[in-house]
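Report on one structure; see the data block that follows.
The values are calculated or read from the model by the stated rules, or taken from the named source; none is laboratory data. In this text, all values refer to a predicted model and were calculated from it rather than measured experimentally. Please note: Cβ atoms are built from the backbone with ideal geometry, for glycine as well, and neighbour counts cover all protein chains shown.
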Amino acid sequence: MTTVDCPDCNRSIAVHELEAKTVAQSSGFDTRYRCPFCRADVEDVQGRLA
Ligand SMILES: [Zn+2]
């Protein structure tokens, strides 16, 4: 299973457990992800999956 580590609580989060949130930006829409455990923003999810 593909997981990412939360930068805040260091838990492993399965990708499908990430809370996706689409936010409006001046340049369009952007999808942000949050840790389901501590609600911290998880940056660069795509990069962490590599
Ligand atoms: Zn966390």
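Does residue 31 satisfy the criteria of being away from the ligand (no atom under 16 Å from the Cβ), of a type outside the set (A, V, I, L, M) and at pLDDT below 90?
Working: away from the ligand (no atom under 16 Å from the Cβ): yes; of a type outside the set (A, V, I, L, M): yes; at pLDDT below 90: yes.
It is true that residue 31 is away from the ligand (no atom under 16 Å from the Cβ), of a type outside the set (A, V, I, L, M) and at pLDDT below 90.
Condition (residue is at pLDDT 95 or above, of a type outside the set (A, V, I, L, M) and either surrounded by 13 or more Cβ atoms within 10 Å (Cβ to Cβ) or over 11 Å from the mean Cα position of the chain (by Cα) (or both)) applied to region 37-44: is it met by at least one residue? Among the residues of region 37-44, at least one is at pLDDT 95 or above, of a type outside the set (A, V, I, L, M) and either surrounded by 13 or more Cβ atoms within 10 Å (Cβ to Cβ) or over 11 Å from the mean Cα position of the chain (by Cα) (or both), which makes the answer yes.
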